[in-house]
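Here, each number is a calculation from the coordinates, and none is a lab measurement. Bear in mind the structure is a predicted one, so any value in this text is a computation, not a measurement. So basically every Cβ, Gly included, is an ideal-geometry build from the backbone, and we count neighbours across all protein chains shown.
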Amino acid sequence: MTTPVPYVHGYSENEARRLGDQADTLAELLHADTRYPAGSRVLEAGCGVGAQTVHLVASSPGMHLTSVDISEESLAQARARVRAHSDAHTSARVQWHRADLFDLPFADGSFDHLFVCFVLEHLRYPLKALAALRRVLKPGGTITVIEGDHGSAFFHPDSAHARAAIGHLVRLQAEAGGDSLIGRRLQPLLTEAGYDGVTVRPRTVYADATRPALVEGFTRDTFTAMVAGVGAQALAAGLTTRADWERGIAGLHRTAQAGGTFHYTFFKATAVRP
């Protein structure tokens with residue numbers, strides 16, 4: 001089994017809550033055009049705590065979903081989340097497996113569709129993972145990949161300390177073996193991994209006072225909470241001082257207040273196994 005890259009955000013209850021807030025807030029933006037036919041076999045690779053699984057089940061209740069993750073603890077939370085959000089019949093259609101994405105326990109061509117959301121950014125070898133996933137996808141089957149890109153964040157009022165805090169998160173994730181700028185790389189990654197018909201479309205989040213749900217659900221509870229969550233690591237690594245870090249987080253919170261605005265871009269890619 002491949003040694004996993006440490007999850008830079010940790011596995012706390014707060015992080016599980018943040019992931020749920022993010023998925024719920026962005027469900028329409030990220031998943032509205034993802035629908036799988038009844039009876040189709042779908043693999044969700046790297047389901048984590050099930051934050052995205054809930055929305056997959058809701059949008060395609062007739063599919064046969066298999067959700068895998070390397071963390072047994074995350075799988076337990078995912079099962080509980082899906083049970084809480086689905087009726088017994090629908091949730092029973094989800095099969096759960098603890099598995100390594102680089103060594104999946106499924107036969108070649110086992111699935112009609114693959115769904116990968118916020119996973120590649122945490123992998124040391126995302127190209128290798130995409131190639132391993134291609135093996136279990138049937139010829140003509142589709143893959144959907146969604147990733148963010150922290151370099152796409154900009155905001156008003158601008159704050160050098162806030163931009164530095166985001167940069168510290170990017171560096172910490174890179175040093176752990178991941179890539180929080182991976183959204184911009186999806187097209188070349190999927191192409192090199194052997195997929196055809198690669199199409200990438202940006203999904204932009206823009207929050208201001210006229211969109212209070214996004215201000216709370218994304219700017220404050222998703223993005224700012226994510227950056228704030230690595231403060232102890234940034235301080236321990238000597239990347240910043242406590243005063244500068246606190247100024248950075250305060251600057252991000254300021255964008256969620258009166259007169260503030262916040263922008264971020266996700267990238268959603270689709271491709272086909274030839």
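Using only side-chain charges placed at the Cβ, +1 for Lys and Arg and -1 for Asp and Glu, the dipole size of the chain relative to its Cα centre rounds to 280 debye.
Remark: the stretch 126-143, residue by residue, has Karplus-estimated 3J(HN,Hα) of x, 5, 5, 5, 5, 5, 5, 5, 4, 4, 8, 9, 6, x, x, x, 10, 10 Hz, where x stands for each Gly or Pro and the curve is 6.51 cos²θ - 1.76 cosθ + 1.60 at θ = phi - 60°. Under a 5 Å amide H cut-off, with hydrogens placed 1.01 Å from N, THR144 pairs with LEU114, PHE115, VAL116 among residues at least 5 apart or on other chains. Using the rule -39500 (n - 2.57) for each DSSP H run of four or more residues, divided by the residues of the chain, the 222 nm mean residue ellipticity is -10500 deg cm²/dmol. Please name whichever of SER110, HIS55, VAL82 sits farthest to the positive end of the charge dipole of the chain, dipole taken about the Cα centre and charges placed at Cβ: Lys and Arg +1, Asp and Glu -1. It is SER110, whose Cα lies furthest towards the positive end.
Relative to the dominant Cα principal axis of the chain, helix 13-31 is inclined by about 70°. Couplings 3J(HN,Hα) of the stretch 63-79, computed from phi: 6, 10, 9, 10, 10, 10, 7, 7, 9, 5, 4, 5, 4, 4, 5, 5, 4 Hz, in residue order, whole Hz [Karplus 6.51 cos²θ - 1.76 cosθ + 1.60, θ = phi - 60°; x for Gly and Pro]. For the stretch 97-110, the Karplus equation 6.51 cos²θ - 1.76 cosθ + 1.60, evaluated at θ = phi - 60°, returns couplings of 9, 7, 7, 8, 4, 7, 8, 6, x, 10, 5, 4, x, 6 Hz by residue, with Gly and Pro reported as x. Taking amide hydrogens as placed 1.01 Å from N in the peptide plane, the amide H of THR66 sits under 5 Å from those of VAL42, LEU43, GLU44, GLN95, each at least 5 positions away in sequence or on another chain.
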